[in-house]
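The values are calculated or read from the model by the stated rules, or taken from the named source; none is laboratory data. From a predicted model like this one, the values you see are computed outputs, not experimental measurements. Reconstructed Cβ throughout: ideal geometry from the backbone, glycine too, with neighbour counts over all protein chains shown.
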Amino acid sequence: MGTLYLVATPIGNLEDISARALRTLREVRLIAAEDTRRTRKLLAHYDIHTPLSSYYEHNKLSKLEEILASLAEGDVALVSDAGTPLINDPGYELVLAALDAGCPVLPIPGPSAPIAALSASGLPADTFLYLGYLPRKTKPRRALLQDVKDDPYTVVFLEAPHRLLDSLQDMLDVLGDRQMAAARELTKLHEEIFRGRISEALKYFLEHTPRGEFTLVVAGREGSKERWPEDRLQRELSNYLQSGESPSSIAGLLAKESGWPRREIYQIIIRTQSKDQ
């Protein structure tokens, strides 16, 4: 019985693939690929000649027996068209079937557009909520935004370019004018990350036609309590800093108590620590 490897592949720049991923793609008996044309380009770039089998949204159930038969004979790799398998890509049913058949299922980690955008967004990344693509129609999209309106977590969405302006307007109407980042074409030639308020993003993309797939990172709800005076915040910060907690954790805790935005508290902590060094 073989192993099913979930192999992350580049989301743009072909150099963003690990040595382990390349070795695995060379050694498995079969690669199940969401987009065989795109995967062939990757394999050709690295001179890999492993057989390919298409595995995408509309054939994922009919292909299960074929791939399980290959697993019975040896190792199989699953790749999506780009990034990490199963993250908004087919593969869930295959993973369940492989596990039910007693096959080991192992990840070969690597690129992921939501994680890449989150890490570079300038927004808190220690707790976040990933919700995939926003609904296409206005009513369900606004309903989803309403559901997360009061959550304190950073929220990550995917969005198509032709729906971006409508989605930004709905975010502004439902969530208010929060900080956000809009990342497009990550790791590619025309990579761009816009950072600012939702209203500023809406204005920017009204003037610059949206192109490429977008990952949207939106700040969680800021505390609604009465804001502490700055001298009180500084005193509490001093006490917390002596506890040895990380700046991110301290900022999160104090944001809940003080009415100050987490991002501002974090920046104060970093400035304070820089002065003390």
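One residue stands out in segment 189-210 among those that are in a loop (DSSP other than H, G, I, E, B) and at pLDDT 95 or above: the one that is farthest from GLY259 (Cα to Cα), namely THR209.
Only one entry in ARG163, ARG184, ARG178, ARG195 is basic (Lys, Arg), in contact with a helix residue (DSSP H, G or I) (Cβ under 8 Å, 6 or more places away or on another chain) and farther than 19 Å from VAL148 by Cα, namely ARG184. Filtered by the rule that a residue be under 17 Å from the mean Cα position of the chain (by Cα) and either of a type in the set (S, T, N, Q) or modelled with pLDDT of 95 or more (or both), segment 136-160 gives THR154, VAL155, VAL156, PHE157, LEU158, GLU159, ALA160. Can you say whether SER53 is closer than 18 Å to VAL76 by Cα, among the hydroxyl-bearing types (Ser, Thr, Tyr) and touching a Gly at 6+ places or on another chain (Cβ under 7 Å), as far as the supplied structure shows? So SER53 does not fit the description; no. The residues of segment 211-261 that are among the basic types (Lys, Arg), under 23 Å from ASP147 (Cα atoms) and in a helix (DSSP H, G or I) amount to a single one, LYS256. Please find, within segment 250-274, the residue that is surrounded by the fewest Cβ atoms within 10 Å (Cβ to Cβ) out of those that are closer than 15 Å to THR154 by Cβ and among the small types (Gly, Ala, Ser). The residue in question is GLY252. One residue stands out in segment 118-142 among those that are part of a helix (DSSP H, G or I) and either in the same structural domain as GLY252 (by TED's automatic domain parsing) or not hydrophobic (A, V, I, L, M, F, W, C) (or both): the one that is surrounded by the fewest Cβ atoms within 10 Å (Cβ to Cβ), namely LYS139.
Kindly evaluate LEU175 against the criterion of being surrounded by fewer than 17 Cβ atoms within 10 Å (Cβ to Cβ), among the aliphatic types (A, V, I, L, M) and in the same structural domain as GLU159 (by TED's automatic domain parsing). Considered against the rule, which asks whether it is surrounded by fewer than 17 Cβ atoms within 10 Å (Cβ to Cβ), among the aliphatic types (A, V, I, L, M) and in the same structural domain as GLU159 (by TED's automatic domain parsing), LEU175 comes out as no.
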